[in-house]
C-alpha cells in the first residue's frame, strides 16, 4: 500500500513512519537476538545504576553507611555483599563463631556458598579491589544469564506449538532484565552466577547433554540451594523421554542411561554438597543448618507452615485465602495456555523452585530476589501481554501492552532499589 493510500485511510505520515520504524527495529532484533539482548541488558544496567544513585542521594540515611554523603558504592556493597567480601578476602572462619553465653553457633560466613566469592578472589589476584572485581564479574555473568534465559524460552521441544515463539521468547528475555529485583544482578551477590548455572543446566537438560548437566549442577551446589528443583525438572524430562522412546519403538534412553544416572546422582549430591562440606570443615555434622538457624531459617517448623502462619497473623483467614489464591493463580498460569508454550522442563522448574522456597524459607523480603531465578515468570508476563485470550496468536497492539508492562517494571525497580537496598538501622528490611 502506498503512502497516499494509507493517508486516505486516516493514518498520518508520522504515525506511518513510526510504525515502520518499530517494525524495522523488531525485525532487526529478531534477526540478531543475542546482540539485541546484550544491548538491552546494558541499557537496563544503566537504569539500575540510576536507581541506585537516586536511592543513595535521597533515600539512604547517613546513619546506615557511617558518613554524610552516601554513594552508589555504598548501595552496591551493602547487606550480604559485606559477607561475600569477608569470604573473598579472608576465607571462612575456623572454628565457627559461637555465642559465648549459650554455646550455640551464631552468624558467620559459613551460611554463604563459596563459588561466587572464590571466583572474585581469583579475579582479585590481578590487583583489582573486591568491589570492582565482584561488580565486573556480575555484569558479565548477568549478560550471559540473559542470553541463556532467552535460549531456554526459545527451546521448542516438549512445548506446545507457538507460531510467534521467537518474538515471544525475545520479549520475555527483555522483560526479565526489568524484574524489580534485577539490581541484585550487579551487586556482589550470587544471583548472576546462580542464574547462569540454572539456565545453562536446564538448557543442557533439554538438549539431552546429561553429563554436562551433572557438571553444571555440581557447580550450582556450591553457588545456591536450587538443586532440588533442578532434580525435579530432570526427573520429569527423563520420564517423558522414556515414554517417547518406548512409543517410538526404541530402547529408552538408548546410549545415555549411564550419563542420565550420573546426572541424577549429581543433582542429589549437589543438594547437600555445601552442608556436607561445612560439616566436614567444622567437625560438626549439622553446622550449616545451625548457622542458618542463627539467621532465622528454621525448616523444622514444617514446610509452608511459616508462610501460612505469617498470612494468618497479618490478616487472619483473608490473608491465608489471598496467599493460597496467589499460589493457585501462579500454578494455573504455568499449567495453562500462558505456560504451555514453554518446554516441560521449564514449567517443572517454575513450579518446583518457588514451592521449594515456600517450603524452606521463612517470610522475608529477600523472596523478591530469590524469585529473580524463577525466570519463567517473565515468560508468563510476556504471554499475558502479547497474546490473545485464547493464546492462539499475538495481538496487533502488543507493543503498547509490553511498553506499559515495562513502565510498571521500571517503577518496581525504583521501588525495590530505594526501599530494600537502602539500609536503615532502625528498620532493616534485607533484600
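Full extension of the chain between residue 388 and residue 58 yields a length gain of 114.6 nm, computed as 0.36 nm times the residue separation minus the alpha carbon distance. With a Förster radius of 45 Å applied to the C-beta separation of residue 107 and residue 69, the computed FRET efficiency comes to 0.95. Share of Cα-Cα pairs in the range 258-355 beyond 23 Å, in percent? Of all Cα-Cα distances in the range 258-355, 53 percent exceed 23 Å. Spatially, the range 281-305 and the range 35-81 are offset by 32 Å when compared through their Cα centroids.
The structure-derived value of semi-axes √(5λ) of the Cα gyration tensor in Å appears in the list [x] 37, 29, 22; [y] 43, 39, 20; [z] 69, 24, 20 under the label [x].
Solvent-free Debye calculation, one equal scatterer per alpha-carbon of the range 171-223: log10 I(q)/I(0) at 0.15 Å⁻¹ equals -0.49. What base-10 log of the normalised intensity I(q)/I(0) is obtained for the range 127-195 from the Debye formula, alpha carbons as equal point scatterers, at q = 0.22, 0.23 Å⁻¹? Reported log10 I(q)/I(0), two decimals: -0.90, -0.94. What's the angle, to the nearest 10 degrees (0 to 90), between helix 81-90's Cα axis and the longest principal axis of the chain? Between the helix axis and the principal axis of the chain, the angle is about 60 degrees.
Among 191-204, 116-129, 238-251, 257-270, what's the highest-first ranking by average C-beta atoms within 10 angstrom per residue? Walk me through the numbers before you get to the answer.
Numbers: 191-204: 25.4, 116-129: 15.6, 238-251: 12.0, 257-270: 18.4.
Packing proxy ranking, top to bottom: 191-204, 257-270, 116-129, 238-251.
Which semi-axes, in whole Å and largest first, does the equivalent ellipsoid of the range 196-349 have when worked out from the alpha carbon gyration tensor as the square roots of 5 times its eigenvalues? Walk me through the numbers before you get to the answer.
Details: eigenvalues 204, 134, 25 Å².
In descending order the semi-axes read 32, 26, 11 Å.
Quick note: the coordinates plus some simple rules give every number you see, no bench work behind them. For clarity, every value in this text was computed on a predicted model and none was experimentally measured. Note that each Cβ is placed from the backbone with ideal geometry, even for glycine, and that neighbours are counted across all protein chains shown.
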